Amino acid sequence: MRLVLLGPPGSGKGTQAARLKDELQIPHISTGDLLRAEVAAGSELGLQAKEVMARGELVSDEILLGMIRSRLSREDVANGFILDGYPRNVAQANALEALLASIGQPLQAVVQLDVANELLVERIAGRAKAEGREDDNPESVRKRLQVYSDSTAPVIGFYESRGALAKVDGVGTLDEVFARILAALGK
Ligand code: AP5
């Protein structure tokens, strides 16, 4: 299964993708995790991305496409993948569509996790205390939510127009949300 998980910061994309990875036996590709690994390694790319991520803004489309192209060229995606955090704007959605067409592996499903903003802020505040992620401070969270509504929300319409979108209520226990995603995927 070739799947995209869409949703605002804190909607549960990473949490549910980790479960889907085990259930479907396909890799979980999180662009946030890939970028954080570059930052931690102190690579050239990480140095470019660090401040942008800390502010809650988007890293350049060019850097992201290079990362995704390289990740999707690995053998472990032969049976599919779960993309978490990509695409994040319509330009990225178009680039992904072209890339997947060029390798004859079009997307099969796009799941949008729906959670109200107040609950997102509450969840991220909980994680900030537990994990201290650099972009989980109130100012960056406000920016991330703004970027989601300005740049990422239009991606919903992009996939709706292709008849590929399934909307899932992301509020409930982890098990409840997971069961809804599986049902949306016909599993
Ligand atoms: P990224 O790492 O993708 O961050 P995000 O989209 O802001 O997502 P989060 O990790 O905050 O939330 P999530 O939806 O994964 O929720 P989670 O499962 O963690 O990106 C970080 C940055 O990298 C971006 O801001 C940007 O700078 C850059 N970047 C990444 N991709 C990019 C791209 N394509 N283009 C350009 N730049 C890019 O859950 C959150 C919390 O809620 C957790 O504590 C969890 O335990 C809890 N939780 C989850 N589900 C539930 C539930 N059902 N009930 C109660 N609590 C729950």
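Any read-out appearing in this document is the output of simple, stated calculations on the displayed coordinates, not a laboratory observation. It should be emphasised that the depicted structure is a prediction, and the values quoted were computed from it without experimental measurement. Heads up, the Cβs are rebuilt from the backbone with ideal geometry, glycines too, and the neighbour counts pull from every protein chain shown.
Packing-based ranking of 70-79, 131-140, 19-28 yields 19-28, 131-140, 70-79, ordered from highest to lowest mean Cβ neighbour count within 10 Å. Under a point-charge model restricted to the Cβ atoms of Lys and Arg (+1) and Asp and Glu (-1), what is the dipole moment magnitude of the stretch 2-182 relative to its Cα centre, in debye to the nearest 20? It works out to roughly 100 debye.
Paramagnetic label reach from E139 (point 7 Å along Cα→Cβ; backbone nitrogen cut-off under 15 Å): within the stretch 31-51, residues 51.
Treating r as the C-beta distance of S149 and Q25 and R0 as 35 Å, the FRET efficiency rounds to 0.55. When the Cα positions of Q112, A153, N89 are compared along the charge dipole of the chain, Q112 comes out farthest toward the positive end, with charges on each C-beta of Lys, Arg, Asp and Glu. With the simple spin-label model, which puts each label point 7 Å out from Cα in the Cβ direction, the D175 to K129 separation comes to 2.5 nm.
Only helical runs count toward this figure. For the chain, summing -39,500 (n - 2.57) over DSSP H runs of n ≥ 4 and dividing by all residues gives -17000 deg cm²/dmol at 222 nm.
Given the chain, report the % of alpha carbon pairs whose separation exceeds 19 Å. Percentage above 19 Å: 58.
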